[in-house]
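What follows draws every value from the coordinates through simple rules; no lab data is involved. Worth saying up front: this structure is predicted, and the values here are computed from it rather than measured. Cβ: placed from backbone, ideal geometry, glycine included. Neighbour counts: every protein chain shown.
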Amino acid sequence: MAIITVTTPFNIDLEFKVALFGKRVFAWLTDMVVITLYYYLMLKFIYPFAGNSEGVTSVSSFLIITIPVMLYQVVFEMLMNGQTIGKMVTGIKVMDKEGKEPTMGQYITRWLLCLGNLFIYIVPYILFEHPWFMFGFIMLYIPDGISMMVSAKSQKISDLAAGTVVIDKNYRPDISETIYLGIENDGYVPLFPEVMRLPDRDINGIRNLLKNEKPSKSNDTYMISIAQKIKSVLSITSDLYAPDFLQQLLRDYNYYTTKDK
């Protein structure tokens with residue numbers, strides 16, 4: 001599985017796992033089932049009551065079938081933090097290549113340039129009226145397939161243009177690789193409540209930095225620069241040695257996030 005390395009504002013490297021190709025295919029198939037089921041239900045139970053005239057029927061079809069199907073991907077991804085129903089089922093999501101949630105513009109760009117979306121939009125018609133034609137439309141995915149194979153982050157053409165990647169949201173590292181420290185809350189006195197202003201990805205980055213610490217002069221200098229930048233951003237004054245300061249931040253973070261559990 002490919003790994004995406006993201007550098008936080010504190011110059012800490014974080015790693016994300018790229019979604020497996022099989023998961024992405026299964027997510028796509030799940031979305032196809034959802035769209036086809038929606039099409040069938042609308043056609044069976046709603047469409048017959050939309051009106052008898054040709055004009056009313058065409059408008060009704062456009063409003064209750066075409067528009068919802070066309071907007072399915074982009075609306076779900078924007079409202080569900082980078083996930084469609086298929087992505088939720090498989091545990092993958094769209095993420096900005098810098099490790100942030102994509103902007104609305106990125107979601108829209110990704111949606112507009114996804115060549116295979118044409119197949120998504122018309123798949124119900126193909127399945128119900130011309131089932132053999134759907135094999136021809138699979139050809140629309142060949143450019144994206146080639147792009148995923150040759151790009152370092154398994155990105156489709158639309159992802160490359162939008163600056164997004166698809167990651168495995170459900171990836172869980174070993175407990176020793178997480179920010180959990182297993183501290184006792186009773187009697188513990190946190191020193192830096194400001195730590196709660198840091199996003200989870202920076203906290204996890206600090207944990208990874210400490211875990212990978214090596215006894216070298218260059219690493220010691222790097223740790224000091226990271227600690228100084230965090231102190232500056234959070235307006236913290238402390239004489240603790242850099243590794244001890246970062247370790248204390250993790251302890252305080254664990255205290256504040258687990259004290260009510």
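Some observations on this one:
- Cβ-Cβ FRET estimate between F26 and L210, R0 fixed at 25 Å, reported to 0.05: 0.10
- Relative protection proxy for 89-102, 144-157, from highest mean packing down: 89-102, 144-157 (other beta-carbon atoms within 10 angstrom).
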